[in-house]
Amino acid sequence: MITIRAPGKVILYGEHAVVYGEPALAMAINKYLYVTARARDDNKININARDLRLAGISVTISEGGDVVAKTDYGAVISALSYVKRAIELAMEYLDKKVGIDLEIRSEMPVGAGLGTSAAVAVATILAYAKELGYDIDKRELSRLAWQVEKDVQGSASPTDTTMATFGGIMYIKPEGNNTVMEPVKPGANVPLIIGYVPRISTTKDLVAMVRRKYEIMRNIIEPIIKSIGLITKKGREALEMGDLELMGTLMNINHGLLDALGVSTRQLNDMVYAARHAGALGSKLTGAGGGGCMIALSDRIEVEKAIELTGGSVLRAGLDTNGATIVSND
Ligand SMILES: Nc1ncnc2c1ncn2[C@@H]1O[C@H](COP(=O)(O)OP(=O)(O)OP(=O)(O)O)[C@@H](O)[C@H]1O
Ligand SMILES: C[C@@](O)(CCO)CC(=O)[O-]
Ligand SMILES: [Mg+2]
């Protein structure tokens with residue numbers, strides 16, 4: 001039996017634009033998704049995902065007190081699509097099919113912009129390989145997990161899977177099927193507060209929504225995407241110089257452009273503006289948007305309180321530098 005953990009991430013600059021080949025700057029956080037794997041002696045795959053919340057169950061209680069509960073089969077299969085694809089690709093890659101019990105736990109809100117889909121893909125592939133006694137190179141792990149995101153989402157950048165695999169702070173630029181990834185050394189400590197509200201849309205839907213806009217009015221959407229790319233490059237310089245004020249200004253512009261793409265929501269904007277009014281140097285949504293998470297560049301308790309007053313929850317997280325690692329191996 002083996003337990004693997006993979007970190008979540010926040011995107012400082014560049015979400016959505018990175019799907020179109022622009023760079024992104026992301027930081028792995030010390031909040032983790034855990035996958036415990038145990039090989040079985042049959043061919044079954046048994047998945048216990050404790051943190052998935054599924055809407056809609058139907059229960060029939062008969063006279064004798066027997067209870068039959070049903071849930072939406074399609075919704076269950078779709079919710080497990082990242083885990084299922086991760087196992088399929090790991091089996092293909094290792095050319096070995098063995099039944100497995102998987103137990104999944106998350107310290108992060110699932111589907112809220114912190115990269116849980118990437119963390120579950122990375123941790124599942126690594127857990128399957130290690131449980132079967134194989135080593136897997138981190139570059140290969142990150143490539144396979146990216147493939148999971150591409151297969152499930154239709155279109156995905158390597159950002160989240162790179163962060164869940166390697167950790168740290170990374171400048172990421174997709175180049176076709178390759179990923180340029182450069183570790184970034186910050187010139188100052190970067191204080192971040194994460195605020196979140198529940199999210200209904202999935203990253204898959206949000207990426208598809210931006211794609212539709214891009215196809216219908218490319219001459220309007222393309223400059224926004226390119227502009228986000230320029231912000232990311234400047235943001236990297238600001239981070240390396242430790243210029244927090246410039247970082248904040250760039251976050252604010254980045255948020256405005258994400259709003260223009262249609263991926264912000266009223267609740268996200270409320271949290272973003274409340275944070276700025278309470279003294280944050282900058283704030284923006286992070287991840288795919290549509291609800292979920294925002295980040296504020298600040299360490300002020302007033303900023304946390306302001307986010308909470310809008311109805312958001314606050315998550316305190318620092319930097320993860322290890323990426324995917326083994327937690328225990330019996
Ligand atoms: N703990 C978990 N157990 C099983 N599946 C999970 C778990 N966490 C995430 N997933 C899978 O990932 C999906 C959420 O992925 P999605 O990409 O929409 O959000 P995210 O990765 O958290 O945010 P973002 O992509 O914006 O960073 C879930 O619907 C589920 O399929
Ligand atoms: C919205 C997006 O850019 C980031 C999600 O964390 C999607 C992706 O990069 O695949
Ligand atoms: Mg995701």
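Please treat every number below as a calculation from the coordinates, not as lab data. Source: prediction; values computed, not measured. Don't worry about glycine lacking a Cβ; one is built from the backbone with ideal geometry, like all the others, and counts go over all protein chains shown.
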(request) Express the relative contact order of the chain as a whole percentage, based on alpha carbon pairs under 8 Å and six or more residues apart in sequence. (result) 26
(message) Explain nothing, just compute: Karplus ³J(HN,Hα) = 6.51 cos²θ - 1.76 cosθ + 1.60, θ = phi - 60°, for every residue of the range 193-200 in order, whole Hz, x for Gly and Pro.
(response) 10, 9, x, 8, 10, x, 10, 9
(request) Select from Val120, Ala26, Ile225 the residue farthest towards the positive end of the dipole of the chain; place +1 on Cβ of Lys and Arg, -1 on Cβ of Asp and Glu, and compute about the Cα centre. (result) Ile225
(request) Tell me which residues come under 5 Å, amide H to amide H, from Gly292 once H is placed; ignore anything under 5 positions away on its chain. (result) Val197, Arg199
(message) Cut-off 10 angstrom, C-alpha nodes, Gaussian network model of the chain. Which of Ser264, Ser78, Ser106 fluctuates the most?
(response) Ser78
(message) Averaging the inverse of every distinct alpha carbon separation and then flipping it gives the Kirkwood radius. What is it for the chain, in angstrom units?
(response) 20.3
(message) Sort Arg300, Arg5, Arg85 by Cβ crowding within 10 Å, fewest neighbours at the top.
(response) Arg300, Arg85, Arg5
(message) Percent of Cα-Cα pairs more than 22 Å apart in the range 48-146, please.
(response) 41
(request) Can you give me the span-like helices of the chain, meaning DSSP H runs with 15 Å or more of Cα extent along the axis and Kyte-Doolittle mean at or above -1.0? (result) 81-94, 116-131, 203-216, 218-241, 244-261, 266-277
(message) Please arrange Lys84, Lys31 by how many other C-beta atoms lie within 10 Å of their C-beta, fewest to most.
(response) Lys84, Lys31
(message) Taking a ≥ b ≥ c as the square roots of the Cα gyration tensor eigenvalues, with a/c under 1.5 meaning rounded and otherwise prolate when a/b beats b/c, else oblate, which class fits the range 240-305?
(response) oblate
(request) Arrange Val122, Val210, Val68 by Cβ neighbour counts within 10 Å, fewest through most, would you? (result) Val68, Val210, Val122
(request) For n ≥ 4 DSSP H runs only, could you compute -39500 (n - 2.57) per run for the chain, divide by its residues and tell me the 222 nm figure to the nearest 500? (result) -13500 deg cm²/dmol
(message) Below 8 Å between Cα atoms, with a sequence gap of 6+, how large is the relative contact order for the range 62-174 in percent?
(response) 26
(request) Could you work out how far the C-alpha centroid of the range 165-217 sits from that of the range 84-144, in angstrom? (result) 20
(request) Write out the GluC sites (Glu not before Pro) in the range 98-194 meeting two conditions: DSSP loop, and at most 14 other Cβ atoms within 10 Å of their Cβ. (result) none
(request) Work out how far the C-alpha atoms of the range 53-100 reach from end to end along every principal axis, then list the three figures in whole Å, largest first. (result) 51, 21, 14
(request) Might you report the magnitude of the Cβ-based charge dipole of the chain about its Cα centre, with Lys and Arg at +1 and Asp and Glu at -1, to the nearest 20 debye? (result) 440
(message) Compute and list, largest first, the equivalent-ellipsoid semi-axes of the range 192-315 from the alpha carbon gyration tensor, each √(5λ) rounded to a whole angstrom.
(response) 24, 19, 10
(message) From the alpha carbon gyration tensor of the range 98-218, can you work out the equivalent ellipsoid semi-axes (sqrt of 5 times each eigenvalue) and give them in Å, largest to smallest?
(response) 24, 20, 18
(request) Give the relative contact order (percent, whole number) for the range 192-315; include only Cα pairs under 8 Å separated by 6+ residues. (result) 39
